[in-house]
Each structure stands twice: as structure tokens, then as C-alpha cells.
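Read the structure below first, then the notes.
The values are calculated or read from the model by the stated rules, or taken from the named source; none is laboratory data. Quantities reported herein were computed from a predicted structural model and do not represent experimental measurements. A quick note on method: Cβ atoms are made from the backbone with ideal geometry, for glycine too, and the neighbour counts reach across all protein chains shown. The accessibility values were calculated without ligands, DNA or RNA, using every heavy atom of the protein model including side chains. Shrake-Rupley method; radii C 1.70, N 1.55, O 1.52, S 1.80 Å.
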Amino acid sequence: MGNKCHEEPPISRDQKRLTYFISYAQNLHISNIVRENGTQEEKQYEIGFFFDQKNVNQTLKAWQNLFEGQIIEGNVRDLQNAFYTMHRKKPLQFNEILMKNGGGPIRWLIWKTIFKSQLCEQIPFGKDFEISKSDILRDVTRTFPKQYIQYECLLYFQKNPESVNKLSDLLGMTCSIFKQFSYTQGMNYIMALILMQAGGDLNEAWLGAYSIMTQPKWMMYLMYVDEFPLQSMIGKITMELLKQQDIQLYHHYIKLGIEDAFILSKWCFTLYTYNMELNKALQLWDLIVSKGIFIMPYINVAIFMSLKFQILACRDDGELQDLFHNDFEFVLDKQNLGKIVIDKKLIQKNIQTHKKIRF
């Protein structure tokens, strides 16, 4: 069911300024809304600017088909409300389109629809936080490694002081709400991706950050507390699934003696944004937002299986670490992963092997 408890905040002046603009999709009904504050000459993407621009028309047509020809007139909020309604009426079709086509320039509206479907509470607004701002600022200004330099917009947090301040504030707000763990490295990547998809709107980004950290579907904050080793659970489930699917690859991986923490912790703490090509990371985020945090072991195994021959060629843990050190190529069938039914018994079994949560 959709969320009825969290009311939409008023549209801010900044939010109006940062609405979508799609210069070459004017024949689509959706573009009548997402083009609200642009001119044809601007050819820019002020919000959600990280996506494969080659498939924009195809993506928007797929989402338009969800409305079965209905013309939605109004502003961005009207389109967002239409997505809320369609998600309630056609959740399976909604997720199928996300798995097949992604979100393109309207990805944030899609994610926000799913986030809000899980919320039934007023979101607290974090303010003061007892943490050294220098620790946060140090990580903010080096968010996203230099290997992504080909994406000009990834200099977002190196050349734009306003963006640095917004990401610092978003991290500070998160730490003020979740005082159990304070600031942890890796959070900057997660919050940065959310902030970028939200077009730099701090209020919008906070809704996504709070949802993905707190709601049972994702409960990311448990990655950072000692009482519940979520990262360890994801690692153990990954190994169990790998053993079931490819015993040869499993035994070779174990033989190499690699610490799961070296590979899996980076994937867990940053939700795949640390050393993956960012367009691929966005595809994996579509899966996580749609299916929940426990789709991650299935994603991990799919990545291992995609790189099976490279992993089998590794002679020691050093070579395996080198394989996963920087941007690496892999192929995933996102649609099939989207059809996976997560094994709740396997999750429950792993929960029972860990000590109870203490709050």
C-alpha cells in the first residue's frame, strides 16, 4: 500500500529551479512535466543527471505506457502523485519497467515512489550533530575516485562549494539521527548518489537517505552498528548461494583465502558506488530500491559468476584483489535478478546464528 502518513512538503524555490528538462523528448506526455523550467536551447539536466542518455526516449515511453495513454498535466508534483497511484495499482508492472528500462532522467521520481511506499511516519529532520566536521569534509571532497574523471559531473563535490556543503549537511543530519555509529567512511558515497539523483535538493535527498537507512526493506544503518552485523550476514549468504550455484568457483574462491571484507565490505558500505562504473551502480541500486537489501547476496553471486573465468585464473589473493580493485567489467541480467524471490528461510537461518540486536 502507498504511504498516507507522510505529507509532501511545500515545493521550495530551489526545487522548482531544479526540475527536469528533456530537450529531445517533447513528443512524450511525460516530457510536458519534466521540461517545466527549461528552454530548448539549454540542453541540460539539472536533476538526476547521472543516466544513460542514449536510451532516454525508450525509457520515458516505457513509463508513459504505464499510464495507458493518460495525459498528465501540471507540474513535477502532479507527475510524482501519478506515480504513487500507479505504484499502488500496478506494483508488478511498475517494478518490471524499472528492471527493464531503468529510470533515466526521472529515476528519482521512481525511487521516491518506492521509498514513500515504505514510510508511515513523519520524517525527523536532523539538525545539530556532535561530530568533527573536518572528518566529513575530508571525505566529501574526495567522494568518487579519480577513475571516474570521464564523468564531468563527478567533479560535483570537488569544484562546487555549494554541493560540498549540501553533502556535508546530509551526512551530518544522518549522524544526528543515528547516534549509535556516528560518521563512517563509505556513507559519503551513498548520500552523494542520493543527493545527485535528487538534483541537489537537500529536503528531497533527506527523504531518500532516511528511508534507505531506517526502513525494514533496506535498514542500511545496521551496516554500521556492532549489535547486528548486517555486512557479515550478506557475506555469509553470498557464500552459501555461490556454493549452491557453482561449487567449482566457490572452492577456488575459498582456496585463495581472500578476506570477504576486502571485497564485500566496500560493496556493502558504499552500495556498489566505490569502485564500479557509476551507470552500472545505478542499475544495481534499482534492484536494491525495488527488492530490498537482501537482494545484495544475489547481486554479489551474479557478479562473481560473470567474472568466473577471471577469478579461476587468479593464483593468489593478491591477483583477486587486483581484479576487484578498480573499475571492473561485468555483465548482469538485471531483469532476471529482478524476478528473484529472496529466500527468507536462508536469511532467517543467518539471523539466528548472530547475537540478538541490542538497542
Task: Matching residues, the range 225-280, being in contact (Cβ under 8 Å) with a residue 60 or more places away in the chain, closer than 30 Å to Ile177 by Cβ and of a type in the set (Asp, Glu) - done: Glu227
Open item on the list: Give me the residue from the range 295-318 that is open to solvent by 20 Å² or more (accessible area, probe 1.4 Å) and in contact (Cβ under 8 Å) with a residue 40 or more places away in the chain and, out of that set, nearest to the chain's Cα centre (by Cα).
Closed with: Tyr298
Task: Tally of residues being open to solvent by less than 60 Å² (accessible area, probe 1.4 Å) and at pLDDT below 90 across the range 335-350 - done: 3
Task: The one condition in (1) over 16 Å from Phe328 (Cβ atoms); (2) modelled with pLDDT under 90; (3) within 12 Å of the chain's Cα centre (by Cα); (4) open to solvent by 20 Å² or more (accessible area, probe 1.4 Å) that Lys291 fails to fulfil - done: (2)
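Each row is one residue, and each column tells you yes or no for (1) modelled with pLDDT of 90 or more; (2) part of a helix (DSSP H, G or I); (3) buried (at least 17 other Cβ atoms within 10 Å of the Cβ); (4) under 15 Å from the mean Cα position of the chain (by Cα).
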residue	(1), (2), (3), (4)
Phe94	yes, yes, yes, no
Lys100	yes, yes, no, no
Trp111	yes, yes, yes, yes
Phe115	yes, yes, yes, yes
Glu121	no, no, no, no
Lys127	no, no, no, no
Glu130	no, no, no, no
